[in-house]
1. Against the condition at pLDDT 95 or above and touching a helix residue (DSSP H, G or I) at 6+ places or on another chain (Cβ under 6 Å), how does Leu61 come out, does it pass?
2. Report yes if Leu86 is surrounded by 10 or more Cβ atoms within 10 Å (Cβ to Cβ) and either at pLDDT 95 or above or assigned to a loop (DSSP other than H, G, I, E, B) (or both), otherwise no.
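The values are calculated or read from the model by the stated rules, or taken from the named source; none is laboratory data. As the structure is a prediction and not an experimental result, all values here were calculated from the model. Ideal geometry is used to build each Cβ from the backbone, glycine not excepted, and the neighbour counts take in all protein chains shown.
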Amino acid sequence: MAQRDEGLAGARVLDREEVESVLKGAFYTPGAAAPVAKDEGKPTHYKVICISMYTKDLEKLDEMVDALKKKGLTKANRSALIRAALDQVDLERVPKGM
């Protein structure tokens, strides 16, 4: 069996000038706008948000999610647990200095 020269095989597949031409035209053109994704009916029943939480609170949240998973609730996650907690909050019992 003949030994192949891996460097030459790669050079034949990827012609340097062709690759540079494609990259210059697609990625490095000044002022070129990035392709815009078409809105194909994005869900409107939820939104992705970002919130800040203390690391200790996140650790507690993750421990609670793990406990729920051990009980067999395989779809338990941070978001689901927070939604369940929201359903149970009594606004009359929330501390005033919050």
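1. It is true that Leu61 is at pLDDT 95 or above and touching a helix residue (DSSP H, G or I) at 6+ places or on another chain (Cβ under 6 Å).
2. no
Rundown of residues vs (1) modelled with pLDDT under 80; (2) part of a loop (DSSP other than H, G, I, E, B); (3) touching a strand residue (DSSP E or B) at 6+ places or on another chain (Cβ under 8 Å); (4) not polar (S, T, N, Q), yes/no style:
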{"residue": "Arg12", "(1), (2), (3), (4)": "yes, no, no, yes"}
{"residue": "Val19", "(1), (2), (3), (4)": "yes, no, no, yes"}
{"residue": "Gly25", "(1), (2), (3), (4)": "yes, no, no, yes"}
{"residue": "Gly31", "(1), (2), (3), (4)": "yes, yes, no, yes"}
{"residue": "Ala34", "(1), (2), (3), (4)": "yes, yes, no, yes"}
{"residue": "Asp39", "(1), (2), (3), (4)": "yes, yes, no, yes"}
{"residue": "Tyr46", "(1), (2), (3), (4)": "no, yes, no, yes"}
{"residue": "Cys50", "(1), (2), (3), (4)": "no, yes, no, yes"}
